[in-house]
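Below is one structure, written out as structure tokens; the observations come after it.
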Amino acid sequence: MAVQTEESDCAREQIKAEQDVDQVRQRATRDQQRLDSGAVTSPKDLENLQREIVSLAKRQGDLEDIVLEVMERRESAQERTAELTERVGSVQGKIDDATARRDAAYETLDADEATAEKEREVISATIPADLLKLYDKLRQQQGGIGAAKLYQRTCQGCRQELAITDFNEVRAAAPDTVVRCENCRRILVRTSESGL
């Protein structure tokens, strides 16, 4: 994540700024010790040393301000990282849940398909071979549906109402005659709701 990169950049920047502060602090301490020891006796050298101590104190203050600003940016980046990590965890949890539900649904569908295949084998054994061959051919041509219910003069396969002459032919056909839709050519299944 970009925010993690920002946080690590801030961490490096903070370490460098703290090192700069430490160097200035050490130099100021050394200068103060030289001043306090009395080893510097020349008034000009004393004045220069005091001026350098004041300058180092100002520089240390400026660097400490930079450290504080970097620490605030780093803390902000850490908070955003934590928030985004929590969001990612939440989203991942939802993904895991959805994946588990999908996998369970696939298992159910596979079991249903296996049951339907077994039922189809049992039923297909009772259907004449030529009719089963026609059904399988139509099923392949018609996207998996080889026969459709005739409901109130309408083929439920193509949703087209049969013309009156076609409907009269279906009505006149013997119950064991295979009738087909003139529009989609599927086998029509006649029931009490066919309107015959």
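Every read-out reported here was derived from the displayed coordinates using simple, explicitly stated rules and does not represent laboratory data. Given the structure is predicted, the values throughout are model-derived calculations rather than measurements. All Cβ positions, even for glycine, are placed from backbone atoms using ideal geometry, and neighbour counts span all protein chains on display.
Looking at the stretch 70-86, is at least one residue under 20 Å from the mean Cα position of the chain (by Cα), farther than 17 Å from residue 27 by Cα and acidic (Asp, Glu)?
Among the residues of the stretch 70-86, at least one is under 20 Å from the mean Cα position of the chain (by Cα), farther than 17 Å from residue 27 by Cα and acidic (Asp, Glu), which makes the answer yes.
Within the stretch 124-168, which residues are among the polar types (S, T, N, Q) and either surrounded by fewer than 16 Cβ atoms within 10 Å (Cβ to Cβ) or within 22 Å of residue 192 (Cβ to Cβ) (or both)?
124, 126, 140, 141, 152, 154, 156, 160, 165, 168
Only one of 57, 28, 105 is farther than 30 Å from residue 187 by Cα, out of contact with any His (no Cβ under 6 Å at 6 or more places or on another chain) and free of Cβ contacts under 8 Å to residues at least 12 places away in the same chain. Can you tell me which?
Just one listed residue meets the conditions, 105.
Counting only residues that are of a type in the set (Asp, Glu) and assigned to a helix (DSSP H, G or I), how many does the stretch 167-187 have?
Qualifying residue count for the region: 1.
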